[in-house]
Structure formats: structure tokens, C-alpha cells
Amino acid sequence: MKLTIVFSGTQQIKDPDNKGGSTAIIPAPHMLPKAPDSTIPGKNTTLSIPGSSDRFSTSAMMERIPSRWPRPVWHAPWKNYRVISGHLGWVRSIAFEPGNEWFCTGSADRTIKIWDLASGTLKLTLTGHIEQIRGLAVSQRHTYLFSAGDDKQVKCWDLEQNKVIRSYHGHLSGVYCLALHPTIDILLTGGRDSVCRVWDIRTKAHVAALTGHDNTVCSVFARPTDPQVVTGSHDSTIKFWDLVAGRTMCTLTHHKKSVRAMALHPKEKSFASASADNIKKFSLPKGEFLHNMLSQQKTIINAMAVNEDGVLATAGDNGSMWFWDWKSGHNFQQDQTIVQPGSLESEACIYALSYDVSGSRLVTCEADKTIKMWKEDLTATPESHPVNFKPPKDIRRY
Amino acid sequence: MASLKEMLPAPKAAASTFYDHSSDPWFKERYGGESAQSAAAAKPAGPAKTVPPYGKRGGFVPRRPEDFGDGGAFPEIHVAQYPLGMGRRDDKGGSKILALTVDAQGSVAFDAVVKQGENASKIIYSKHSDLVPKIATADSEATEDEEYQKQIEETTERTKSALEKVVNVRLSAAQPKNVPTHDSESKFIKYKPSQQSAAFNSGAKERIIRMSEMAVDPLEPPKFKHKRVPRGSGSPPVPVMHSPPRPVTVKDQQDWKIPPCISNWKNPKGYTIPLDKRLAADGRGLQEVQINDNFAKLSEALYVAEQKAREAVQMRSKVQRELMLKEKERKEQELRALAQKARMERTGVPPAPAGVPSGGGRGAADDRDEDMDLEQPREQRRETREEREARIERDRIREERRRERERERRLEARDAAMGKKSKLTRDRDRDVSEKIALGMASTGGAKGGEVMYDQRLFNQDKGMDSGFATDDQYNIYSKGLFTAQPTLSTLYRPKKDGDSDVYGDADEQLEKVMKTDRFKPDKGFSGASERPGKRERPVEFDKQEENDPFGLDQFLTEVKKGKKAVEKIGGGGTMKASGGSSMRDDYEGGGSGRSRINFERGR
């Protein structure tokens, strides 16, 4: 996949290997500083593109820039249809099983509970951790469940016997995030020792320690191709890692605050990263910055998830949940969780959220010890819930 | 002369003992080059071979190594010279200066600084264009799917194999059979040095080295100190792609101001903190104190009740006073009647007409005048004069006395109101400390003439003795404060044979005391019915004649009370009289059943 970046004036970098890559990136309108307007038309003529590649003409892009911003796709609003309470502490992590029958949640009460997705009833409680469980993952290829907690333990549970069969020892401090590699039997964990550790699942061996971050690694995800590991950290950087060499491939320093959540689009080759200042979209594999989301949620964003329809859901520390259209970055719904009766107002805080495998149900894990399930409101229509979208004239990029 | 050589014995070592320089490659280069040069064609620049002598090096610039001849650089020629190629810094030493590069469009690559070194292999974003928002359009993953899948597979394979290697190394290192064992036997190594001649190694072509493990003293402490070395700097810095953090507004700064913690419990450094700071974090100002209305209601109700009570009391007292007055009047009347009757009996003459009734306050000893207007007014007239005079006299006396007493009371009251107290009154009201101050309460010292010493001066080493008292023993003072009690002087002190004549001497008096009849143990009261025997119990009651022929009352009370064995438990004591119901032991059978003590009216 070849990417070309076309600018509206100053430079053009031609990708030498471009053999007609069909993916092109259009610059957003009016992002230049206002001064050298006169030079732009002059430079335009030099940027005429040979017809071999599929890039966009600069003249088109210069003329009507605001309308170049893609219009958001209409999505139905999401509503909360079920509240499950059963945990005795904050619910910190969630994972779905590949068959979409059940999901498991890890909590501050040191248990992992497995719930039936269709009915919301509790199926099983697993105990074994001695501290909060911060990360959960269900393996796609084996009947294993992986959990990681503040007690530096990373455990592998066999779901046929419902017990721990492996423990991965090596973290020096609490483990905050966990991810499974899609194709290789590798487990990635990141924690407070600012290192992302790579474990071989079968042999429990510590394969590599990806060092480079300065602060806690709080989010990680894995991809089948390079960069195979992407980590976000409290030092506000995102690093791409070369798994074979164990080195950083790229560091993205676009964020100002810690990157607590990242979401990889299931189909597109891009991912979004969320921090308290902004939610930014980047492309893969090079990690080029695409754009910010068009609104600012102005809260610490703890969790983020995107489904195949392009609905991005972000959950904040103050209980606010915003829904965005992936493509355009337009926020079409803002919601606030209601704490369950008996909880304080300050306990409105969402720690984790995840779509189910189909992408039609969203499950959030909250600080008032409940699990809330959301689905699209099917009675809504584009007329009843219109999209009020104004293309951004002056896009903030900082 | 024979040469020295012949005289000396033949040398043992055949070869020459000094190094044959002729075979040295360096010399071959230098001197062998001459021969090679003579064989080869002469160089075109003739004068270049020979170095111009000193003084004649005007335009001479040595650039090639052969320009220098045998020697080094020429100091008088101000050109960078590198004799024998020495001193030229081409790529050696790691120059810190980056060459200024220009990319294809002709713009200077300013991010060469960032992209050098380790960062050369990484993706670094350093341009403004990397900050500019863009849209990724028309992702055609569909067409790339096969490609993409292939890529995925290839990556997977590559990564897997690499990771497998790492894992295997780690696993095998952990397995016991892979641990390198120490061979205690020595190893022999054959070593062939590169420089072989008769000079080295005594002409031997190879050496054999025996390598053996040195014996390690197991009790030896570590030889080397492991110093902590600071971590090498990480990867070179990456350009920051965001604006510097916004300056904090004043409001934000104020919002995040956290006051220092002043604990209500601990103060380890012993700071003196003003009270308002101590209570600052109490949250007093945050809550409004709500006082219930009922408090006001209560106080009002109390006030009202007090008023009412006062009124009621006043009214009651008034009524009572009136009643008392009436009673008094009645009594007075009665007494007058009695007195009159008595007088009548005495004199046998109908009494004189009633005089003015005297006001109350006169004692019963005074004669009372009757105010019997009712009886015998004729007889009254006869006695009127005498009686009247007597009466008038008595009245006058009464009046005088009354006036005197009133006057006394008035004076006293006036004095008290003014604050003047008589001596007796004053002394009665004085506090003991005032008495001491005035010297009225003597502590015995003045009387005895002894000086009072502070007892703390004596017995300084009380020591063990002093502590052996119980807690409540009050042993601070050995004797009372006031030795001279007023009672002592007022109490009776038997005099020595005071009036033996009058009262009889001591023996007589003693007999009298001994034989006195006053303190008989079982002496009954005069007028009370004499008991036949001794008193059996402290209080004895008379048996009452009851009007209960059938014993119903008794039956009922018996039933009510019930004869339980428990009740007899306390019955053996001597104190039988219980306040409410008193039951006598021997009277259970036919007790009166009355629950109150009936007192008989004495005559």
C-alpha cells in the first residue's frame, strides 16, 4: 500500500515506489498559515501530477477546500438498554469471546466474571488475582483467557477447566494493558514499569521487552503486519515497534497528554488514539497523522472502540460517552451515564468499553460497579435525528 | 696477530642473533622501492622526487606523499600537508558536523539533525506537513486483500522464526543439561605465532600452552566492586509535534490550589498554628446550621409554663394564706371562748363584755380578753370597770411590747438593708479564711507561744515510710488546723470538786449516776400500756380487732399475696418492719391482711 501526501502549496514529496497506489490523502483545507497566499498559485502549476498515479489534482483541492471534508455518514443513536450489576468493585476491563456468546469483565474486586451476552446473566466467576484486573483478552485460536492485574501477575486461564494454567512472571510493577497478537501465539503486556513485554504463550518465556517509553504503558494493540505492536503511554507518545528487532520503529509525539486508549479500525488501515486533549487519527503502517476529531471531549478518555460501521465510541472519566463517525470525525451523539441508585454522582466514570464481535452491541464497564449495554436505537431515522455537521473551516491541529 | 674470531670458540647458535631487517616488509617498501623504481620507468616530474633545499622552496607545494621525500611536513609552506598520508581526517573520528543536504526539490533538509544516528532507521516526522490534517480517501483494501494476506503471512513467518530463536535460546539456557560445566582438567593449546624467526621463541615454530582453571578460594570475598552505571541515554530525541502546553489561567491555578494539610491529630514538628487555620479544612462554612424550630417552641413553652406556675402558686398561696388566717381566727376565737369559759368558771361571774380582741402575736401566757358579747351583758356591766381597767392595762402592755418588737425588727431590717451588721451577725457570716486573716481563728500557735514551722522542713527524707498508706488515708496533716475550738471552751468541763456540798462529793455523785433510773432498757412510755414481758422485737404492733367475722379480707389478701416459700426467705431476720406491708411470722395464719400500720390515737 502506497500513500502519497499531497499538499496545497509548499512541497510535494513523491513516493518513489509509487506504482499507482490507489490510496491518496487529501490535505485538509486552510491549514496553512495565512501569509504566503500569493505563492500558492504560483506553485500550483509545478505540482501537476503525472497521470500515472491516482492522486488528486491540486487545483480541485485548492478551490473549494471546506467542502472537501467528507460528510459524515448517518448513524443511529445509541441507547442504553441493559444494566448489569454484580461486581463488588469498579469494573476495569472487558473482553469478548470470538463466538460472541459471552463476555468477561475484570474488576477491582479481584474477580473475573463471565456474563452471557444475550441475557446478561452471570455464568462464572473466576478468582485468583490479588489486585485489580486491568487487562483481559480471549484468544481467538485457543480456549484461553488472559488476564493481567495490578498485582504484576499475568495469568492464562484455561476455559475448559476454568483455572489458571500459566502465569507469566517478569513485570516489575502493575500491568495495565494486555493484547494478543492476531497470528502468532504471543502475548503483549504493558505496565507501570514503562516496558511492553512480549511473552510466548506456550512456554511462558519472556521473549522481548520493548523499552523506550518514559512512563507507564497504558495501551497496546497488535497487528498482523508491521508495525506489529503499537503502544501508547503516559509520556504522551505512541510508539510503533519492530517485533523482530525489539526496537522502536516510529514515535508519534502528537499528543499532549497521556494516551490512555487506542482503537484499531477493523477494516481500514488506520487507528485512533485518545488523550485528554484530543482524539487523533493516524494511518498505518507509516503512522502519518491524519486529523483530529472535530470536537473535543475535554475529559480524560479511558476507553475507545470502533466497529465496522465506522462508529467510534469514546468513554471519559466523568461518565461521558461520545459517539463519532470514523471517517469524518464528526461527533453525532453525546451521552452521560447515569449511576445506579446508591452510587455517588462522582462514581460516574467509564473504565472500559468494547463492541461485541458483530459490532452491534456496545458494553461499557463503569466505576459504579455496573456493566451497561448499549445498542442502536432502531426507531431513529435521519429525519428524527438529523446530522448537524459543519465542515471545519479552521481545523485545529494542536 | 690472530683475529679475535679465531681465538674464541665457535658460536653455538648458528644463525645471526640480530634481526635481519632486510626481510622486514617496511624496509622492503622503502628501500626496495628504490630498486623497483630504478627498474620501473622514471617518474615524469624529475624535480618532484628530490625535495628542494631549504631556502629554495618558493612555489613548492607538497601534495603527494613522495613530495615529502624522506622527511615530514614543511613548516614554512602554509598549506595543509599530510606526509605519508598522516593526519588526514576523512571519515575518522566521527565528525560532529553534518553536511548540509538538499533534497530533490532544492529545499534544505533541516531534519538531518533529527534523522541521524539511530533515528536514521526509524520513521521520523519532522515537517509541518506532518501536522496538517488530511483525509485518507478510498481505501481499497479489497483489491489489496490477497496482497495484504500474503504480506501478513510473510510477516508472521519471519516474526515467528525470529521469536522462536529467542525463545529457544532462553529455554535451553534454562535447561540443566545446557549449563556449562567446569572442567577441572587442563586444556592444551597449540599456538603458532605469526612472526617466526630465530630471534623469537628460540627459533621454535609453535608453542604449546597449558590452560587450566585457577583454583578459586571459596571463602574469598568478592574482589571487585560493582558500581552502578547510569543508563545510557535512550533513543535520540524525536521532534515534538504539538504546541507547547497552554499557560495555566489564573482561575485554573486557583482551582487546583490545595491547602496544606493540618492534621487534627498529629503535629510532629510542633508547629503553632492559629485556630482559624486549624479549622480551615473542617468544612464549617460549607454547611448551614439548621436549628430546629422546636427549640424556640420549647423555651417559649417553658416560659409560659413558668408564668402559669407562678400564678398558680401565688393563687394557691393566697388561698392558703386566707385559709390560714381563717383558721387562726377560728382558733383565736376558740381560745377566747375557752379563756372566757375558764374565767367564768373561775370567777363564777358572767364575763365582762367583750373588749377589743388583741392582734395575734401575743403568747398564750397572756390573758386573753374574751369578746363574748353574747353572754350576760348585765353582768358585764358590773365588772366592766375593774375588768376594763385591767384589760386596758393589759392592752397597753401588749401594745407596748408589740411596738417594741416591731421597732426592733424595723431597726434590724434597716441596718441589714443598709449593710450594717451587728457583731454577732458579722461573725456568724464570716468565712474561715476571713477569720484566719483577722486572727479570730487561732491555730493554737499564739496561745501556746510556739512558732509555727512549715512541716515540709522536717522529715525531708520521708523515704519508704511515707508511701505505705492506703489511697484514702489523709495524712498530710498530723493535727487539725484550729487547736482551739470554740466548742471546747463551751463544752462542759468537769470541775474539780466544784460544789461538793451542794451536790454531794464525787462518790455520791457517782452513785447517783450509777443508780439512776433514767435509762431503763425496756421502760415503757408513761401512759402507755405496760407490756407483761420484754420486748421481743424492735417494733411491736397491737393486734387489731377486725370487723371481719368471716375472714374474707384476710382470705382475699392471702390469695393475692400467695404463700410462696420464697417469701419466707427473708423472714428470719430481726428487722421485721417493712415499710409498706408488714407480715409477722407467727401471724401468717390469721393475719389481719391490712397493708397499713394503724396508729391509735393516744389519749
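The values are calculated or read from the model by the stated rules, or taken from the named source; none is laboratory data. Treat the numbers as computed from the prediction; the structure is a model and nothing was measured. Counting neighbours? That spans all protein chains shown, and the Cβs are built from the backbone with ideal geometry, glycine included.
Residue-by-condition table, conditions (1) assigned to a loop (DSSP other than H, G, I, E, B); (2) under 27 Å from residue B:148 (Cα atoms):
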residue	(1), (2)
A:155	no, no
A:171	yes, no
A:177	no, no
A:241	no, yes
Residue satisfying condition, being in contact with a Phe, Trp or Tyr (Cβ under 9 Å, 6 or more places away or on another chain), of a type outside the set (Asp, Glu), within 14 Å of another protein chain (Cβ to nearest Cβ) and part of a loop (DSSP other than H, G, I, E, B), within set A:382, A:386, A:392 | A:392
Only one residue in A:312, A:294 is modelled with pLDDT under 95, crowded, with 20+ Cβ neighbours inside 10 Å and of a type in the set (A, V, I, L, M, F, W, C). Which one?
-> A:294
All positions within the stretch B:151-196 that are among the hydrophobic types (A, V, I, L, M, F, W, C), more than 7 Å from chain A (Cβ to nearest Cβ) and outside any loop (DSSP other than H, G, I, E, B) | B:169, B:173, B:174, B:188, B:189
So which residues in the stretch B:246-293 are away from chain A (no Cβ under 14 Å) and of a type in the set (Asp, Glu), if there are any at all?
-> B:255, B:276, B:282, B:288, B:293
What are the residue pairs meeting all of these: first residue in the stretch B:322-344, first residue in contact (Cβ under 8 Å) with a residue 12 or more places away in the chain and assigned to a helix (DSSP H, G or I), second residue basic (Lys, Arg) and surrounded by 11 or more Cβ atoms within 10 Å (Cβ to Cβ), Cβ atoms under 7 Å, and 6 or more apart or on different chains?
-> B:335/B:368; B:336/B:368; B:339/B:368
Within the stretch A:181-229, the count of residues that are farther than 15 Å from residue B:159 by Cβ, polar (S, T, N, Q) and surrounded by fewer than 24 Cβ atoms within 10 Å (Cβ to Cβ) comes to 5
Among (1) modelled with pLDDT under 90; (2) surrounded by 11 or more Cβ atoms within 10 Å (Cβ to Cβ) - the single one residue B:348 does not satisfy = (2)
Residues (surrounded by 10 or more Cβ atoms within 10 Å (Cβ to Cβ) and part of a loop (DSSP other than H, G, I, E, B)) located in the stretch A:366-378 | A:367, A:368, A:369, A:377
Residue count for the stretch B:533-553, restricted to those that are surrounded by 11 or more Cβ atoms within 10 Å (Cβ to Cβ), part of a loop (DSSP other than H, G, I, E, B), acidic (Asp, Glu) and at pLDDT 70 or above | 1
Does the stretch A:69-77 contain at least one residue that is away from chain B (no Cβ under 14 Å) and assigned to a strand (DSSP E or B)?
-> no
Pairs where the first residue, in the stretch B:219-245, is away from chain A (no Cβ under 14 Å) and farther than 30 Å from residue B:127 by Cα and the second is polar (S, T, N, Q) and part of a loop (DSSP other than H, G, I, E, B), C-beta under 9 Å, 6+ apart = none
With the condition kept exactly as written, say whether any residue in the stretch A:292-313 is at positive phi, more than 10 Å from chain B (Cβ to nearest Cβ) and within 13 Å of the chain's Cα centre (by Cα).
-> yes
When you go through B:19, B:31 one by one, which is the residue that is under 29 Å from residue B:195 (Cβ atoms), at pLDDT below 80 and assigned to a loop (DSSP other than H, G, I, E, B)?
-> B:19
Residues of the stretch A:243-273 being in contact with a Lys or Arg (Cβ under 9 Å, 6 or more places away or on another chain), among the hydroxyl-bearing types (Ser, Thr, Tyr) and away from chain B (no Cβ under 11 Å), which ones?
-> A:273
When both residues are 6+ apart or on different chains and their Cβ atoms are under 7 Å apart, which pairs have a first residue that lies in the stretch A:325-346 and is of a type in the set (A, V, I, L, M, F, W, C), and a second that is assigned to a loop (DSSP other than H, G, I, E, B)?
-> A:326/A:265; A:326/A:310; A:332/A:72; A:332/A:75; A:332/A:387; A:339/A:348; A:339/A:368
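From A:217, A:229, A:154, which residue is touching an Asp or Glu at 6+ places or on another chain (Cβ under 9 Å) and more than 13 Å from chain B (Cβ to nearest Cβ)? Talk me through it step by step, then tell me what you get.
Values: A:229 fails: more than 13 Å from chain B (Cβ to nearest Cβ); A:154 fails: touching an Asp or Glu at 6+ places or on another chain (Cβ under 9 Å).
Being touching an Asp or Glu at 6+ places or on another chain (Cβ under 9 Å) and more than 13 Å from chain B (Cβ to nearest Cβ) holds for just one of A:217, A:229, A:154, which is A:217.
Would you be able to say whether some residue in the stretch A:279-299 is outside any strand (DSSP E or B) and of a type in the set (Val, Ile, Thr)? Can you show your working first?
Pass one, the stretch A:279-299, residues outside any strand (DSSP E or B): A:284-288, A:293-299.
Filter once more, keeping what is of a type in the set (Val, Ile, Thr): A:299.
Yes, the stretch A:279-299 has at least one match.
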With criteria (1) over 21 Å from residue B:31 (Cα atoms); (2) modelled with pLDDT of 80 or more; (3) not small (Gly, Ala, Ser), residue B:64 comes up short on (1)
Scanning the stretch A:177-213 for residues that are within 8 Å of another protein chain (Cβ to nearest Cβ) and either under 21 Å from the mean Cα position of the chain (by Cα) or not polar (S, T, N, Q) (or both) gives A:183, A:184, A:186, A:198, A:200, A:205, A:206, A:207, A:208, A:212
